[in-house]
Amino acid sequence: MRIAKLKLTAAVVTATGLVALAGVGIGLSGAGLQTSAIESVGRKEAGMAAGVYSTSRDFGGIVGSSVLAGLLASANSFGLVFLLVSMAAILATLLSLGLPTRPRREAPQVSG
């Protein structure tokens, strides 16, 4: 059995580093996003908020993967696709900065 060797060019090392960076960012933001979704509603709606968040995350991943695969299949260069994806990520970041902040809830007072 032969194992194919991947030549470590600058492009491969750069792509590996960027994919790792994206994975770390997605991993670190996941818990905070779910917490924000659940805390933004009352206690009675918390289960529904968790379900909507989970469903939209899964659906977004499926649609995003499909769109990216279509772009990669039809593009002449990967550079254009990665530029479009980077622009979408920057736009999403800028739009998220415009979201209203949610008021802090007071901690319940413990009588003792």
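Details
- Count - residues of region 93-112 that are modelled with pLDDT of 85 or more and either among the small types (Gly, Ala, Ser) or within 20 Å of GLU39 (Cβ to Cβ) (or both): 0
- Exclusive hit being farther than 14 Å from VAL85 by Cβ and not in a helix (DSSP H, G or I), set LEU28, LEU8: LEU8
Here's the yes/no breakdown for (1) out of contact with any Phe, Trp or Tyr (no Cβ under 6 Å at 6 or more places or on another chain); (2) on the phi > 0 side of the Ramachandran plot; (3) of a type in the set (Ser, Thr, Tyr); (4) in contact (Cβ under 8 Å) with a residue 60 or more places away in the chain:
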{"residue": "THR16", "(1), (2), (3), (4)": "yes, no, yes, no"}
{"residue": "SER36", "(1), (2), (3), (4)": "yes, no, yes, yes"}
{"residue": "GLY42", "(1), (2), (3), (4)": "yes, no, no, no"}
{"residue": "VAL63", "(1), (2), (3), (4)": "yes, no, no, no"}
{"residue": "LEU68", "(1), (2), (3), (4)": "yes, no, no, no"}
{"residue": "LEU80", "(1), (2), (3), (4)": "yes, no, no, no"}
{"residue": "THR93", "(1), (2), (3), (4)": "yes, no, yes, no"}
{"residue": "THR101", "(1), (2), (3), (4)": "yes, no, yes, no"}
{"residue": "VAL110", "(1), (2), (3), (4)": "yes, no, no, no"}
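- Within region 35-58, the set of residues being within 17 Å of ALA92 (Cβ to Cβ) and either at pLDDT below 85 or not in a helix (DSSP H, G or I) (or both) comprises SER36, ALA37.
- The set of residues in region 36-76 being loosely packed, with under 11 Cβ neighbours inside 10 Å and of a type in the set (Phe, Trp, Tyr) consists of PHE59 alone.
The values are calculated or read from the model by the stated rules, or taken from the named source; none is laboratory data. Quick caveat: nothing in here was measured; it's all calculated off a predicted structure. Here the Cβ is made from the backbone with ideal geometry for all residues, glycine too, and neighbour counts use every protein chain on show.
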